[in-house]
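Handing you a structure now.
The values are calculated or read from the model by the stated rules, or taken from the named source; none is laboratory data. Predicted, not measured: the structure shown is a model, and the values here were computed from it. Quick reminder, even Gly has a Cβ in these numbers, built from the backbone with ideal geometry, and neighbours come from all protein chains shown.
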Amino acid sequence: MGSPASEPERDSDESPQHQVTVSAFYMGKYEVTQQEYRALMGANPSNFKGDNLPVEKVSWFEAVAYCNARSQAEWEYACRAGTTGPFSTGNNITTSQANYHGNKTTNVGSFSPNAWGLYDMHGNVWEWCWDWLGAYSGGSQTDPAGAASGSYRVFRGGGWNSSATGLRSAIRNMNTPSARASNYGFRVVRP
C-alpha cells in the first residue's frame, strides 16, 4: 500500500509503502448509479443527470447511509487488481482508458475494467472510502483500517476533472464527511 519514493508526483501521505494482507471482500463492479441511488434513497443529488451515470454530489455521510456497514474495504487493493505500478493499466493512463481531463461524468462501465473486472477505478468520480485520513504505519499488516478518528474522510480514484496524477492507485484525497461535489461518488463494498 502506498507508493515508492521514486514514483513521480507522489504525495507525502503515500509513505511509507508497506505490505498489507486483505481478507476476502465483495466490491461493486461499477460505481453506484443514479438509478440505484434514487431507488434506495428516493432522491438524486447529481449535477449530471442520467440513470446510468454515477451518482455524485453525495457526501461521505450519504454514501455511508447508502452502504451502511458494507462500505469497509481496501479500495487500493481492488484498484490495483494485482498490479504494482501507478495505475492498474501500468505506468501510464490515457483518456481512452479512463474518464479524466473531461467536463462531466460518463456512464459507468464506459471504459474497460481492470484485471479483476472492476470498472472506473480510475476516473469518472472520486470514491468515498471508510477511512479517516491519517499517516500510514510501516510494516506488514492484515486488514488495515486506517486512522481511528480524524476530521477528514478519504476518497480515491480521481474524477472526471482530475489530471492523470490524480488517478494513481496510491493517491488519497480527503474532505470533511459532509462535503459534496459533482466529482464525488462511491461504490458498494461488503466484507
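So how many residues does the stretch 121-174 have that are in contact with a strand residue (DSSP E or B) (Cβ under 8 Å, 6 or more places away or on another chain), closer than 18 Å to Ala73 by Cα and among the hydroxyl-bearing types (Ser, Thr, Tyr)?
5
Show the residue pairs that are 6+ apart or on different chains and have beta-carbon atoms under 6 Å apart, the first residue being within the stretch 143-160 and within 25 Å of Ala98 (Cβ to Cβ), the second being modelled with pLDDT under 90 and not in a strand (DSSP E or B).
As it stands, the answer is Arg156/Trp75, since those pairs meet every condition given.
For the stretch 9-23, give me each residue that is in contact with a helix residue (DSSP H, G or I) (Cβ under 8 Å, 6 or more places away or on another chain) and assigned to a loop (DSSP other than H, G, I, E, B).
The answer is Glu9, Val22.
Kindly establish whether Ala69 is of a type in the set (Gly, Ala, Ser) and modelled with pLDDT of 90 or more.
Answer is no for this residue.
Find all pairs meeting these conditions: Cβ atoms under 8 angstrom apart; at least six residues apart or on different chains; first residue within the stretch 99-125 and charged (D, E, K, R); second residue surrounded by 20 or more Cβ atoms within 10 Å (Cβ to Cβ) and outside any loop (DSSP other than H, G, I, E, B).
Going by the 8 Å Cβ cut-off, the qualifying pairs are Asp120/Pro54; Asp120/Asn99.
Can I ask one more? Mind checking which residues of the stretch 5-57 are loosely packed, with under 13 Cβ neighbours inside 10 Å and closer than 19 Å to Trp75 by Cβ?
Matches in the stretch 5-57: Gln19, Thr21, Ser23, Ala24, Tyr26.
Still on this structure, please answer the following. For the stretch 92-151: of the residues being hydroxyl-bearing (Ser, Thr, Tyr), surrounded by fewer than 19 Cβ atoms within 10 Å (Cβ to Cβ) and modelled with pLDDT under 90, which is nearest to Asn175 (Cα to Cα)?
Ser137
Identify all residues within the stretch 143-182 that are assigned to a loop (DSSP other than H, G, I, E, B) and among the β-branched types (Val, Ile, Thr); write none if there are none.
Selection gives Ile171, Thr176.
Taking only the stretch 126-142 into account, find how many residues are touching a Ser or Thr at 6+ places or on another chain (Cβ under 7 Å) and free of Cβ contacts under 8 Å to residues at least 40 places away in the same chain.
1
Right, next: For the stretch 24-62, how many residues meet the condition of being modelled with pLDDT of 90 or more and part of a loop (DSSP other than H, G, I, E, B)?
Residues that pass the stated criteria total 20.
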